[in-house]
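Everything on this sheet refers to the single structure shown next.
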Amino acid sequence: MRIVVTGATGNVGTSVVEALGRDSGVDSVLGLARREPDWAVPKTEWAAADVATDDLVPLLRDADAVVHLAWAFHPTHDPAATWRTNVIGSARVFDAVAAAGVPALVCASSVGAYSPGPKDRAVDESWPTHGWPGASYTREKAYVERLLDAFEAAHPDRRVVRLRPGFIFKREAAQEQRRIFAGPLVPNLSAGLLPVVPDIPGLRFQALHTADAAEAYRLAALGDARGAFNLAADPVVGTAELAELLGARPVRVPATLVRGAVWAGWHLNLVPASPGLFDAVLRLPIMNTGRARQELGWTPRHSSLDALREFIDGLRAGAGLPTPPLAPHPPGGRLRELLTARR
């Protein structure tokens, strides 16, 4: 089989190409990214391509499946820019899949595509996917779900899989995620640095290790599954779990106070994550992952706490990989992050 992976050099993409490269049923992998990495993976070749602008059809011809992971989180102050990459770029990938005659499309959706939902019970894949309107990320994930609906209706002969994971972590992606969400002023979480953790009402979320997410993508690309699948590991994470991981004491803090701090940091270009994204996280539903386990044959090997421990260790160690998104020390360092916060 020949598999094409868009967004192949990021947190999930690097683990997906590694998982595919280890599979005896895969003959070759083409990894697409805006910038080619200085990194070798078995069975994988690289090509520079921007999903929002480049001709993708020649790159997708003769593929047995396309795994679409390409996504831009920045600039959060310019939602039109992320829309071009995330929504228009996804539409162009889907059009190229159709034009190139690729029989299977596996697309990265997210828990963020879901409408606000309960924290005290788990919802399945039938929960509405209208997102949270106040955040670009959730709006865009929800819109891509509508694009997939249209693609399936227009191309019933194509196998379409949409994976909806919770928060995805691994050691080598910790610095990238700090840059994307926390910003240049957040330290690398040396042991004991945080004496307290804010106990925010409604803060309960699901996480999984990137390697487990990659295994789900491998199964989806090589199998015969169709439809949507929730992905998350146990346990659900709340303040108590975070406090134990960090060796800190939970302190009750109103969500409005934390949101105000995020709002101020975002408007001052000190925090890249928008206050709308903070609002969305507090409203994400808890997902039931039974369908992925039963129909996809997927079982996570790591707990959500294992994934978070790796993330924290990666922050402390300054871990990374030799790809542009995961570089532990990109050119210009934190000063460049600060100066280019709105770009």
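Descriptive notes on the structure:
- Some residue of region 306-317 being among the β-branched types (Val, Ile, Thr), surrounded by fewer than 20 Cβ atoms within 10 Å (Cβ to Cβ) and assigned to a loop (DSSP other than H, G, I, E, B): no
- Any pair with Cβ under 8 angstrom, 6 or more apart, that starts in region 256-280 at a residue that is more than 20 Å from GLY131 (Cβ to Cβ) and ends at one that is charged (D, E, K, R): ASN269/ARG342
Let's see how each residue does on (1) touching a residue at least 24 places away in the same chain (Cβ under 8 Å); (2) surrounded by fewer than 18 Cβ atoms within 10 Å (Cβ to Cβ); (3) not polar (S, T, N, Q):
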residue: MET1; (1), (2), (3): yes, yes, yes
residue: ALA8; (1), (2), (3): yes, no, yes
residue: ASN11; (1), (2), (3): yes, no, no
residue: ARG22; (1), (2), (3): no, yes, yes
residue: GLY31; (1), (2), (3): yes, no, yes
residue: TRP39; (1), (2), (3): yes, yes, yes
residue: LYS43; (1), (2), (3): no, yes, yes
residue: ALA47; (1), (2), (3): no, yes, yes
residue: LEU60; (1), (2), (3): yes, no, yes
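- Selection status of THR299, at pLDDT 95 or above, in contact with a Lys or Arg (Cβ under 9 Å, 6 or more places away or on another chain), over 26 Å from LEU245 (Cα atoms) and in a loop (DSSP other than H, G, I, E, B): no
- Flag for VAL144 being β-branched (Val, Ile, Thr), modelled with pLDDT of 95 or more, assigned to a strand (DSSP E or B) and touching a helix residue (DSSP H, G or I) at 6+ places or on another chain (Cβ under 8 Å): no
- Candidates GLY117, GLY134, GLY112, GLY89 - the one that is on the phi < 0 side of the Ramachandran plot, in contact (Cβ under 8 Å) with a residue 40 or more places away in the chain and either crowded, with 23+ Cβ neighbours inside 10 Å or in contact with a His (Cβ under 8 Å, 6 or more places away or on another chain) (or both): GLY112
- Restricting attention to region 16-47, the residues that are within 19 Å of PHE73 (Cα to Cα) and among the small types (Gly, Ala, Ser) total 1.
- Single match in PRO328, PRO300 (criterion: touching a residue at least 24 places away in the same chain (Cβ under 8 Å) and either aromatic (Phe, Trp, Tyr) or surrounded by fewer than 21 Cβ atoms within 10 Å (Cβ to Cβ) (or both)): PRO328
The values are calculated or read from the model by the stated rules, or taken from the named source; none is laboratory data. Note that the coordinates shown come from a computational prediction; the quantities given were computed from them, not determined experimentally. Note: ideal-geometry Cβ built from the backbone for every residue, glycine included; neighbour counts use all protein chains shown.
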